[in-house]
Amino acid sequence: MINKARNHHYIAQVEQRLNAINPDISKENQRIYSFSVIDREKYEISLNHTNGIKIKDNLSDDDLFSFDVVDNSFRMNLESAFGQYEKRVGQFTESLLQKINNDNLDFKEEILSIFSLKILNIFRNPYCIKKTLNIMGELAFYQPVEKELQAIYKKIDDGIAPHKETIAAKYSVSVEEYTQWIKSLFMLLIPLINQEMNALEFITKSFFENTGSFINVLVSIYNDEHSDKHVVLSDRGFSVLSNDDVHTSYEFNLTSNAFITYVFTDIRKIASNNINDELIASILTSRESKKSLMCIDVKKNDLEMLSRYNRNAIYQSFNTVYCKSNQVYTL
């Protein structure tokens, strides 16, 4: 975990480049338009720079994931652990969209993998530190069993990290919460469970193998005459459709012309009060040995859906959204 990486992206550059203004030039010079949220209730935003901003320096912070600054060059951080996932998100996204373009419906692997990678973005987003701790903060109270990992983990408390106070203040958390967040991310990614998967992969598996859920996945694509109408990318990296206890929903930007929606519906909670509890129990029992029922759909050029998605992303962002266009499409 010792490297020279100092500029840490919390939304991977590869994901931002899928929304770049100028994707055909060198990665070093690719740009994206940024918009400040002026009034989220009215979905009012303002373009920040007429020429866009460079992706290489965007949605990142110095030493965000560092926990021991060894010297002026080297530091211990989680960048390499994140990198193992970052390099795959572009591959799975392009594979999914290519299969859809070729009318190949065998893309369940891409659907599951993209969810895992996007969920990781939520957990590592500094604007979501409190949300992440609410979901998985208990991980910070565990330690790896393997001695070498224990020694590294201990550095999160004892390492030289003069940036802690600055980072914590910038994202409105305490130093203790920031430290707990780094510990949780470490435990999310590093140790293996039963030598097969880490906690992130286990979480993804639990979402998709919960036989008490109905799962709906929708891929929304904009092409042909509507290819100039673009999807925004939020500084939080996600938005949700509802906040009730029946549905767990997430929406993610895929590219400048596509987004994906995941909705997990609790069968028991969605059932009407008129349905007998015994009937619900029998349905669940009959499915115990099966995987969750998942419905995957593709919708093309639904402009009302695009407007709804973009407005939702603006409303739920921290204070900034990004786009390939210098004007965001909303109805």
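The values are calculated or read from the model by the stated rules, or taken from the named source; none is laboratory data. What you see is a predicted model, and the numbers here were worked out from it, not measured in a lab. Because the Cβ atoms are built from the backbone with ideal geometry, glycine has one as well, and the counts that use them run over all protein chains shown. To get the accessible areas, we keep the full protein, side chains included, count just its heavy atoms, and leave off ligands, DNA and RNA. Shrake-Rupley method; radii C 1.70, N 1.55, O 1.52, S 1.80 Å.
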- Task: Find the relative contact order for the chain and round it to a whole percent, using C-alpha pairs within less than 8 Å whose residues are 6+ positions apart.
- Result: 20 percent
- Message: List the GluC sites (Glu not before Pro) within region 41-118 that DSSP assigns to loop and that have no more than 15 neighbouring Cβ atoms inside 10 Å.
- Response: 41
- Note on the structure: Summing -39500 (n - 2.57) over every DSSP H run of at least 4 in the chain, dividing by its residue total and rounding to the nearest 500, the 222 nm mean residue ellipticity is -11500 deg cm²/dmol
- Item | DSSP-assigned coil residues among GluC sites (Glu not before Pro) in region 150-207, each with at most 15 further Cβ atoms within 10 Å | 196
- Message: Using +1 at the C-beta of Lys and Arg and -1 at the C-beta of Asp and Glu, which of 315, 134, 161 has the Cα lying farthest in the positive direction of the dipole of the chain?
- Response: 161
- Taking amide H positions as placed in the peptide plane 1.01 Å from N, state which residues far from residue 8 in sequence (5 or more) or on other chains have amide H under 5 Å from it. 61, 62, 63, 64
- Query: Counting other Cβ atoms within 10 Å of each Cβ, which GluC sites (Glu not before Pro) in region 114-161 have at most 15 and sit in a DSSP loop?
  - Reply: 146
- Per 20 Å bin from zero, what fraction in whole % of the C-alpha pairs of the chain is there, up to the bin with the longest pair? 29, 57, 14, 0
- Task: State, as an integer percentage, the relative contact order of region 169-257 based on alpha-carbon contacts under 8 Å between residues 6 or more apart.
- Result: 17 percent
- Message: Contact order normalised by length for region 31-71, with contacts defined as Cα pairs under 8 Å and 6 or more residues apart; what percent is it?
- Response: 35 percent
- With a ≥ b ≥ c taken as the square roots of the eigenvalues of the C-alpha gyration tensor of region 1-144, please select rounded if a/c is under 1.5 and otherwise prolate if a/b is larger than b/c or oblate if it is not? rounded
- Query: Does region 117-173 come out rounded, prolate or oblate, given a ≥ b ≥ c as the square roots of the eigenvalues of its C-alpha gyration tensor, rounded meaning a/c under 1.5 and, failing that, prolate meaning a/b above b/c?
  - Reply: oblate
- Note on the structure: The percentage of the accessible area of the chain (probe 1.4 Å, all protein chains present) made up of carbon and sulfur atoms, to the nearest whole number, is 48 percent
- Per residue solvent-accessible surface (Å²) - the chain, probe of 1.4 Å: 50 Å²
- From the cross-link list 205/300; 131/183; 87/118; 118/269; 118/155; 130/324, the entries with a Cα-Cα span beyond 19 Å are 205/300; 118/269; 118/155; 130/324
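Rounding to the nearest 20 debye, state how big the charge dipole of the chain is about its Cα centre with +1 on each Lys and Arg Cβ and -1 on each Asp and Glu Cβ.
320 debye
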